Amino acid sequence: MDKKELTRHEYYSNRELSWLAFNERVLGEARDKTNPLFERLKFLAITASNLDEFFMIRVASLKDMVNAGYKKKDIAGMTPQEQLDAIHEATHAQVALQYSTFNRSLLPLLSSNGICFLTEHEQLNAKQQEYVDRYFMENVYPVLTPMAVDSSRPFPLLRNRSLNIGALLKNKKKSGAEFAAVQVPTGLSRIVQIPDEEQTVLILLEEIIERNMHKLFLNYDVICAHPFRIMRNADLTIEEDEAADLLKEIEKQIKKRQWGEVIRLEVEENADKRLLKILKKELDIKDEGIYRINGPLDLSFLMKMYGLKGFDHLKKKPYEPVLPKVFREEGDIFSKIRQQDILLHHPYEDFSPVISFIREASRDPDVLAIKQTLYRVSGNSPIIAALAEAAENGKQVCVLVELKARFDEEHNIVWARMLEKAGCHVIYGLVGLKTHCKITLVVRREEDGIKRYVHLGTGNYNDATAKLYTDIGLLTCAEPVGEDATAVFNMLSGYSEPLQWNRLSLAPLWLKDRFLELIGREEKNALAGKSAGIIAKINSLCDKDIIEALYRASMAGVQIRLIVRGICCLKVGMQGISENISVRSIVGDFLEHSRIFYFENAGASEVYCASADWMPRNLERRVEILFPVEEEALKERMLHILDTLLADTVKARILTEDGTYIRVDKRGKIPLCAQEVFCEEAAAFHQQDKEIKSRVFIPEERIE
Amino acid sequence: MAVKIFAAIDVGSYELAMKIFEFSAKGGMKEIDHVRHRIELGTDTYNTGKISHERVEELCEVLQEFSQIMQTYHVDAYRAYATSAVRETVNAPVLLEQIKLRTGLKVEVLSNSEQRFMHYKAVASRGEQFSRFIGEGAAVVDIGGGSIQISLFDNDSLVTTQNIRLGILRMREMLMDLKPKTNHYEQLLEELADNQLSVFKRLYLKDKKIQSIIIVDDYISYIMQKLGKGQQIITAEQFHGFVDEMQKMGPEKCAASLGVAQESASLLLPSAVLVRRILKATKAVNIWAPGVSLADGIAYEYGEKEKYIRNRHDFENDIIACAINMSKRYQGDRERNRLLEEVAMQLFDHTKKIHGMGKRERLLLRIAALLNDCGRYVSLEAAAECGYSIIMATEMIGLSHAEREIVANLVRFNKAGFDYTAKPDPETSLKIAKLTAIFRVADGICRSYRTKVKEVKLQVRDEELLITVDADEKITLEKGFFGRKASMFEEVFGIRPVLKQKKNLQV
């Protein structure tokens, strides 16, 4: 088949629809009866907030394209309008599934477990009514800002993603209905617990407000009141060429973001028609963008419900990451790294070694410099504290802070300023590129010269998400890697590209070429009758060139096994094209986040990790790093990780020829959950170590 | 700590670069960091004679950053050198002072020959590889923007080094106007190169076997790194293949495919053509691009001076070899010059306590001795002035401009009257006076005998320098001649040289 043939639209799936399919897999976890109830609530909450983000970024950007009259077709041959139509159709179905899960499965289960969740204030009994009304007057009323609309007052500006209550009012003295709205305050807990001796009774804040709406508009009769929620276009595109100061520009953009075009309106299913008409007109939104919801709006509150105390039996036992043996032994971290490369598999293994790597470096008198890229860090991050301390200790600290991390800008600016105050050299990203790579370099002056210690990772330097995301980290002091790391930071500081790279491959320089080369090598080997094979674990696959190369390799007979958590635009099982490709997706308790690549290479196999997915944005518009895992023992460990994921029969779903995902046929197989296996393995290691620790000599007691 | 950290800064015509090195007894010289910033200082200098305010601003900013990086590494010492872009500005001293005030860095200007010598040292720092190549006969081709420097090696020693005005930027500029009008840009480049190379070929390549060429430049070396995946040696054939390929693709596309910056693309073709023509002229079969830069040379020189690295190659010998070859070209009297060299060295060594000068001055005196009669080639009458002019016009690898000026003055004042007023600074002036004094005495001794002087014995007694000469033939020239020659010595050092002949008992 020639090159042109392989680019035909029908060989690819649309990425947005593929993403919705991924969210449906998450929803599947909420529907999975084998999961504990509270875990199911959490998964449902995740689908809701996922969908929010999806609308704000992806749908918004498609909307922009439609508005701009942009008609270019996507990888699967769909115009922006066609994609929007398809997305709305699929989303409506998904939302229906969300709420049927909530109403039909989860609510009854909550009730049978002693949690009475009142979805409507009409369900309150007299005593409860009294409580919520008092609660309203004491806590809620003072912070509400009712906004009425009439000829002198225009339709209020409603904040993006805010929950509001819309009401129709009738002036007691005049005729005709007027519209009014009040925002449900975000400062108060959305879940209100009503005291009850026998069970846990919960109601949502908006229901309490709705019930007390008349107290806000004393001269009016409330005809009807219903919660609604809007979603606006929030895609943050920064005109970098125009902005002299990137930082200021982003600060400006954040404020602007609130008031974009409305792209989705969620409203109670039984909302009054007149009210809906007003909203529709004022918000300028079409029918397909209106979602009538059969239940509470914005299910992300379920995440808060997960935190409810006293229901541990309905949750999965929280996993405690294990501190690897080598870090429990005596000695400083540098001598440990000097002994051998150290691989960390989070969250099974603790993230704390990474923090102590930076912390020890900040205090070590021989350390000259610490350089790090930061993309998303946790609030109150110990890494930030350590970096600031290092600067105060007179070390040169250079931090690249990526301000363009989605939705995190405001947060990032605060601590970036803090670092600057402490004396760190802070680089605020690169013009036109997002710095997505995760790399830390510690330069140390030792007895026999300068030594460089490097941490490379697939996940962010975020101690909070490191407990939830699966990621790989590598600590090494191999000289070629150290040289490359120095070069990376020189480049990030604005200096020219080094004349040569030793081990690391960088996007957007030529990481894509490197991947194409590696895939192409397998193709060649297969054609030459040598052993060939590819295993790749990524979050998303939607780069056309990569997919094409994979098809080509498959056609040459290369066995390709892909573990793609989210979007996958590649189609499997196409005759003569992708028969040798299998795709599985793992959605489990931990978010699969590591990117691992295995290439058979005619017997001399190579294993790599990367910060990048196989997406055009990763390969072309971001600074990413691909690094090899070279020590034999570590390579084996990586292979074991891949093998285990490929053997998963519990959380894995297989992509089928028609583009749907199905669960693994468990018949004749022992159920295997890869994430659990990793937990057990790490724990077993831990256990074994404890025994060794307790091996102490016991002095004999003197016999009197 | 046994390890020393050194920073080498190169303020180049197109780029500011800094390399951080580590010197240790165990590991020798090791590069730790290499920072580069592109800034075309040369464009300003070559067009207007001055570096623009904006560029100076940028220059200082980056140097300031370099200085911070140096602090990070706790650098023990640094050297910062500027090359032609600063050398050719009319206000270089002002500029350097400004840099010093704003960044605290002391930047020195290198003469072309010093710069080339450092490149050459950088190549030599690659040790064994270098020895092997020059042992087989090699040409070090140092390609710059304005000119190229070709140094020929035969059997381990430097034969000659020549500067040819065939810089890639110069070639590009010369053909700039023609480019749109012609489809034979490459041919024009080739013609241009061949024209200049033919003279060189006729003069120096006659019966030499050049096995390899060693390239020092910014473009071909880089490309070879990429092409050979880190391998630095390719055959001439491979190189021709590459140039053919490039001509087919066009330099822009080629640059893109190799990951070379677009701004460099326009210099890629002139570089490639030039190397190709040199390959043809020398009939070399290998190309080695060690990928060294000025910074390597700066560090090597520092390490050598501070004795962190042992000399693998005798660079002084190269300078002398150059002088001998130069003398040959101007048909110097080899026998006589060698004698003069010997006597001058002896005299220098014996009067060390009196003159207090060092190794470098000794080398300059030695070179002056070797070149003392080159002016005669042009005019017997004005030999002194002609000698001066010839030396001032001939670059000698390894000598700075100031040093070359000393040598030229020694040759001049050996014969012509000493000019006390025309020197650049008092220190240099004094140096020239001292060396001239010694040189004249040496010349006086040699010229007082017809044949070879067997032995010269020196003795300082009271206020006399007693020179006892053992020679077969008697002094034939009148005593007054030596007295005139020696008077300067007395003036400078307060000691009067006295010439005596050793009594030969057999006669």
Positions within the range A:358-400 being in a strand (DSSP E or B) and under 22 Å from A:Glu446 (Cβ atoms), in sequence order
A:Val367, A:Leu368, A:Ala369, A:Ile370, A:Lys371, A:Gln372, A:Gln396, A:Val397, A:Cys398
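From the list A:Ala485, A:Ala464, A:Ala422, which residue is modelled with pLDDT under 90 and touching a Leu at 6+ places or on another chain (Cβ under 9 Å)?
Working: A:Ala485 fails: modelled with pLDDT under 90; A:Ala464 fails: touching a Leu at 6+ places or on another chain (Cβ under 9 Å).
Of the residues listed, the single one that is modelled with pLDDT under 90 and touching a Leu at 6+ places or on another chain (Cβ under 9 Å) is A:Ala422.
Evaluate the following for A:Ile342: is it assigned by TED's automatic domain parsing to the domain that holds A:Lys451, of a type in the set (A, V, I, L, M) and touching a strand residue (DSSP E or B) at 6+ places or on another chain (Cβ under 6 Å)? Outline the logic, then answer.
On the way: assigned by TED's automatic domain parsing to the domain that holds A:Lys451: yes; of a type in the set (A, V, I, L, M): yes; touching a strand residue (DSSP E or B) at 6+ places or on another chain (Cβ under 6 Å): yes.
So A:Ile342 passes the test.
Out of the range B:68-92, which residues are in a helix (DSSP H, G or I) and of a type in the set (Val, Ile, Thr)? I'd like the intermediate steps shown before the answer.
Kept after step one, since they are in a helix (DSSP H, G or I), are these residues of the range B:68-92: B:68-72, B:84-87, B:92.
Within the range B:68-92, B:Ile69, B:Thr72, B:Val86 meet the criteria.
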Within the range A:143-158, can one find any residue that is touching a residue at least 40 places away in the same chain (Cβ under 8 Å), within 29 Å of the chain's Cα centre (by Cα) and either farther than 22 Å from A:Ala180 by Cα or surrounded by 14 or more Cβ atoms within 10 Å (Cβ to Cβ) (or both)?
yes
Select from the range B:28-45 the residues that are facing chain A (nearest Cβ under 10 Å) and in contact (Cβ under 8 Å) with a residue 12 or more places away in the chain and list them in ascending order.
B:Glu31, B:Ile32, B:Asp33, B:His34, B:Val35, B:Arg36, B:His37, B:Arg38
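For A:Thr101, state whether it is without any contact (Cβ under 8 Å) to a residue 12 or more places away in the chain and either farther than 22 Å from A:Glu657 by Cα or out of contact with any helix residue (DSSP H, G or I) (no Cβ under 9 Å at 6 or more places or on another chain) (or both).
It is false that A:Thr101 is without any contact (Cβ under 8 Å) to a residue 12 or more places away in the chain and either farther than 22 Å from A:Glu657 by Cα or out of contact with any helix residue (DSSP H, G or I) (no Cβ under 9 Å at 6 or more places or on another chain) (or both).
This table checks each residue for (1) within 33 Å of the chain's Cα centre (by Cα); (2) over 26 Å from B:Tyr388 (Cα atoms); (3) modelled with pLDDT under 75; (4) assigned to a helix (DSSP H, G or I).
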residue	(1), (2), (3), (4)
B:Asp419	yes, no, no, no
B:Thr436	yes, no, no, yes
B:Val469	no, yes, no, no
B:Lys474	no, yes, yes, no
B:Val492	yes, no, no, yes
B:Val498	no, yes, no, no
Would you mind stating whether B:Glu22 is in contact (Cβ under 8 Å) with a residue 60 or more places away in the chain, within 11 Å of chain A (Cβ to nearest Cβ) and assigned to a strand (DSSP E or B)?
no
For B:Glu65, only one of the following conditions fails: (1) among the charged types (D, E, K, R); (2) more than 10 Å from every other protein chain (Cβ to nearest Cβ); (3) more than 29 Å from the chain's Cα centre (by Cα). What is its number?
(2)
In the range A:184-211, the residues that are farther than 15 Å from A:Pro227 by Cβ and either in a loop (DSSP other than H, G, I, E, B) or among the polar types (S, T, N, Q) (or both):
A:Gly187, A:Ser189, A:Gln193, A:Pro195, A:Asp196, A:Glu197, A:Glu198, A:Gln199, A:Thr200
Could you pull out every one of the helices (runs of 4 or more DSSP H) wholly within the range B:356-417 that has 2 or more residues that are among the hydroxyl-bearing types (Ser, Thr, Tyr)?
B:383-393
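I need a count of the residues in the range B:263-321 that are among the hydroxyl-bearing types (Ser, Thr, Tyr), within 14 Å of chain A (Cβ to nearest Cβ) and over 20 Å from the mean Cα position of the chain (by Cα).
Matching residues across the range B:263-321 total 2.
Is it the case that A:Glu523 is of a type in the set (D, E, K, R), in the same structural domain as A:Phe597 (by TED's automatic domain parsing) and without any contact (Cβ under 8 Å) to a residue 40 or more places away in the chain? Talk me through it step by step, then tell me what you get.
Values: of a type in the set (D, E, K, R): yes; in the same structural domain as A:Phe597 (by TED's automatic domain parsing): yes; without any contact (Cβ under 8 Å) to a residue 40 or more places away in the chain: yes.
Yes: the conditions hold for A:Glu523.
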Within the range B:191-218, residues within 14 Å of chain A (Cβ to nearest Cβ) and more than 22 Å from the chain's Cα centre (by Cα) come out as none
Kindly indicate the residue of the range A:111-128 that is without any contact (Cβ under 8 Å) to a residue 24 or more places away in the chain and closer than 19 Å to A:Glu206 by Cβ and also surrounded by the fewest Cβ atoms within 10 Å (Cβ to Cβ) among those meeting that condition.
A:Glu122
Counting just the residues of the range A:487-539 that are small (Gly, Ala, Ser), away from chain B (no Cβ under 13 Å) and part of a loop (DSSP other than H, G, I, E, B), which one comes out nearest to A:Val564 (Cα to Cα)?
A:Ala532
Does the range A:461-477 contain any residue that is in contact with a helix residue (DSSP H, G or I) (Cβ under 6 Å, 6 or more places away or on another chain), in contact (Cβ under 8 Å) with a residue 60 or more places away in the chain, under 15 Å from A:Ile333 (Cα atoms) and within 14 Å of chain B (Cβ to nearest Cβ)?
yes
Of all strands (runs of 3 or more DSSP E) fully inside the range A:257-356, the set with 3 or more residues that are under 30 Å from A:Ala385 (Cα atoms) is A:342-346
For the range B:28-51, give me each residue that is part of a strand (DSSP E or B) and under 25 Å from the mean Cα position of the chain (by Cα).
B:Gly28, B:Met29, B:Lys30, B:Glu31, B:His34, B:Arg36
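For the range B:10-32, which positions are within 18 Å of A:Glu479 (Cβ to Cβ) and surrounded by fewer than 24 Cβ atoms within 10 Å (Cβ to Cβ)?
Here is the first cut: in the range B:10-32, the residues within 18 Å of A:Glu479 (Cβ to Cβ) are B:19-24, B:26-32.
Matches in the range B:10-32: B:Lys19, B:Glu22, B:Phe23, B:Ser24, B:Lys26, B:Gly27, B:Gly28, B:Met29, B:Lys30, B:Glu31, B:Ile32.
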Kindly indicate the residue of the range A:424-453 that is away from every other protein chain (no Cβ under 14 Å) and part of a loop (DSSP other than H, G, I, E, B) and also farthest from the chain's Cα centre (by Cα) among those meeting that condition.
A:Val431
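The values are calculated or read from the model by the stated rules, or taken from the named source; none is laboratory data. Please read all numbers here as calculations on a predicted model, not as lab measurements. Don't worry about glycine lacking a Cβ; one is built from the backbone with ideal geometry, like all the others, and counts go over all protein chains shown.
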